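The values are calculated or read from the model by the stated rules, or taken from the named source; none is laboratory data. Since we're looking at a predicted model, the values are computed, not measured. Cβ: placed from backbone, ideal geometry, glycine included. Neighbour counts: every protein chain shown. Each accessible area value is taken on the protein alone, full model and side chains, heavy atoms only, with ligands, DNA and RNA left out. Shrake-Rupley method; radii C 1.70, N 1.55, O 1.52, S 1.80 Å.
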Amino acid sequence: MSSAASGALERYAGLMSGTSLDGVDGVVVEFQGDRGRLIATAHVPYPDALRAELMALSQPGDNELERSALAAQEISRLYAATLKRLLETASGKPAVRAVGCHGQTVRHRPEAHFSVQLLAPALVVELTGMPVVADFRSRDLAAGGQGAPLVPAFHRAQFGIEGESRAVVNIGGIANVTVLRPDGTVFGFDTGPGNVLLDAWCQRHRGERFDAGGAWASSGRPIPALLKALLADPYFRAAPPKSTGRERFNEAWLSRHLRGDERPQDVQATLLRLTAESVTAALAAACPDVAEVFLCGGGARNDALVAALRARLSPRRVELTDVLGIDVEWVEAAAFAWLARATLLGLPGNVPEATGAAGPRVLGALYPA
């Protein structure tokens with residue numbers, strides 16, 4: 001009988017770097033069956049030069065192959081450093097069996113059947129001596145899926161309650177929603193911008209990577225005509241399955257809708273409203289009867305954004321995943337620990353209803369130690 005089947009404790013690590021390009025989030029999760037609890041957490045920020053290079057690599061440019069390979073090596077060294085920090089904290093038995101490494105997405109083109117995550121998994125193995133599971137998206141894409149979102153299966157395992165309907169909204173650079181139905185079925189999709197435009201506009205006008213607590217947005221007033229124009233993008237009306245990224249929602253996209261005389265804080269207030277409105281509309285279309293919504297991702301620490309969502313989603317209960325046992329900052333990294341476990345057990349990691357793949361697939365490639 002396997003340790004998973006017997007209910008024995010297993011530890012896996014997850015390393016994630018998301019669309020916000022802020023750095024590496026790492027966790028060690030102890031699983032008993034499908035559900036886990038956090039044992040250790042760590043965040044290693046990207047150096048400014050690497051972050052700038054990754055921003056540049058998100059768009060076509062010169063000498064991309066060499067620059068991408070070099071960036072992948074630097075990211076992998078940061079992954080290894082994060083993992084070593086985690087293992088120093090996560091003392092005790094059992095040992096970590098494997099590490100799920102997502103890599104840094106720099107191009108997500110599901111309509112062209114590819115998604116690029118920069119990582120050198122073999123280098124992570126050499127630097128840490130740990131087995132690594134990576135390349136989670138390509139199998140789903142090969143099966144006709146979008147390769148995203150990949151978190152719904154973990155949300156079901158970790159947050160689902162039999163007989164109850166819930167929604168989990170991850171607000172990273174891009175926001176996505178997972179609907180957990182009472183019968184145990186699940187689906188999800190990307191709703192559109194989460195923090196990606198908020199962060200970019202704040203960096204441009206205030207020199208800060210993010211608008212802490214949404215304070216700057218709260219100092220402005222939303223511009224109705226601008227909000228209407230942004231929400232008119234066809235992506236918001238497209239039916240799931242669907243996923244998106246910086247390729248679509250970026251500063252150039254925003255600039256096409258600006259007159260040029262807007263107050264920067266009013267644009268920021270409008271972008272916050274864009275995230276709140278697009279998430280709310282997605283939930284209304286996908287799960288109008290859901291009574292509970294749980295928020296995670298960096299945007300769940302934006303007090304103004306959370307307040308806007310609560311106002312629009314009332315009378316639904318809106319809480320952070322903190323109350324379910326995993327703080328909002330670590331949910332995505334925990335998902336890749338769960339996905340690494342699924343890979344080693346030979347279990348599907350995708351949800352075809354979310355990605356559009358032809359069926360359940362075992363995701364990821366194993367790089368043994």
(request) Taking GLY145 as the residue in question, decide whether it is of a type outside the set (Phe, Trp, Tyr) and crowded, with 24+ Cβ neighbours inside 10 Å. (result) yes
(request) State the number of residues belonging to the stretch 22-37 that are within 16 Å of the chain's Cα centre (by Cα) and crowded, with 23+ Cβ neighbours inside 10 Å. (result) 4
(request) May I ask you to verify whether ALA98 is modelled with pLDDT of 95 or more, surrounded by fewer than 17 Cβ atoms within 10 Å (Cβ to Cβ), within 25 Å of ALA365 (Cβ to Cβ) and of a type in the set (Gly, Ala, Ser)? (result) no
(request) Looking only at the stretch 1-15, count how many residues are open to solvent by 10 Å² or more (accessible area, probe 1.4 Å) and either among the aliphatic types (A, V, I, L, M) or at pLDDT 95 or above (or both). (result) 6
(request) Please determine, by comparing only the residues of the stretch 38-72 that are over 29 Å from ASP327 (Cβ atoms) and open to solvent by 70 Å² or more (accessible area, probe 1.4 Å), which one is nearest to the chain's Cα centre (by Cα). (result) GLN59
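I'd like to verify a number: residues in the stretch 328-369 that are without any contact (Cβ under 8 Å) to a residue 40 or more places away in the chain and either under 21 Å from PRO131 (Cβ atoms) or out of contact with any Pro (no Cβ under 9 Å at 6 or more places or on another chain) (or both), how many? Talk me through it step by step, then tell me what you get.
Residues of the stretch 328-369 that are without any contact (Cβ under 8 Å) to a residue 40 or more places away in the chain, as a first pass: 328, 346-347, 360.
Add one more test, that the residue is either under 21 Å from PRO131 (Cβ atoms) or out of contact with any Pro (no Cβ under 9 Å at 6 or more places or on another chain) (or both), and what stays is 328, 346-347.
Residues that pass the stated criteria total 3.
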(request) May I ask you to say which residue of SER20, SER76, SER58, SER91 is among the hydroxyl-bearing types (Ser, Thr, Tyr), modelled with pLDDT under 95 and closer than 29 Å to GLY346 by Cα? (result) SER91
(message) Every residue in the stretch 235-260 that is of a type in the set (A, V, I, L, M, F, W, C) and either farther than 16 Å from ILE174 by Cβ or open to solvent by 30 Å² or more (accessible area, probe 1.4 Å) (or both), please.
(response) PHE236, ALA238, ALA239, ALA252, LEU258
(request) Output yes when any residue across the stretch 117-133 is more than 20 Å from GLY14 (Cα to Cα), in a helix (DSSP H, G or I), modelled with pLDDT of 95 or more and among the small types (Gly, Ala, Ser), and no when none is. (result) no
(message) If I ask for residues that are in contact with a Leu (Cβ under 9 Å, 6 or more places away or on another chain) and open to solvent by 40 Å² or more (accessible area, probe 1.4 Å), which ones from the stretch 73-93 would you list?
(response) GLN73, GLU74, ARG77, ALA81, LYS84, LYS93
(request) Tell me the strands (runs of 3 or more DSSP E) entirely within the stretch 261-369 that contain at least 3 residues that are open to solvent by 10 Å² or more (accessible area, probe 1.4 Å). (result) 317-320, 365-367
(message) Exactly one of these conditions fails for ILE161: (1) without any contact (Cβ under 8 Å) to a residue 24 or more places away in the chain; (2) of a type in the set (A, V, I, L, M, F, W, C); (3) closer than 26 Å to GLY100 by Cβ; (4) part of a helix (DSSP H, G or I). Give me its number.
(response) (4)
(message) Going through ALA134, ALA157 one at a time, which residue ends up being among the aliphatic types (A, V, I, L, M) and open to solvent by 10 Å² or more (accessible area, probe 1.4 Å)?
(response) ALA157
(request) Being outside any loop (DSSP other than H, G, I, E, B) and in contact with a Lys or Arg (Cβ under 8 Å, 6 or more places away or on another chain) is the filter; apply it to the stretch 203-228 and report the residue that is nearest to GLN268 (Cα to Cα). (result) TRP216
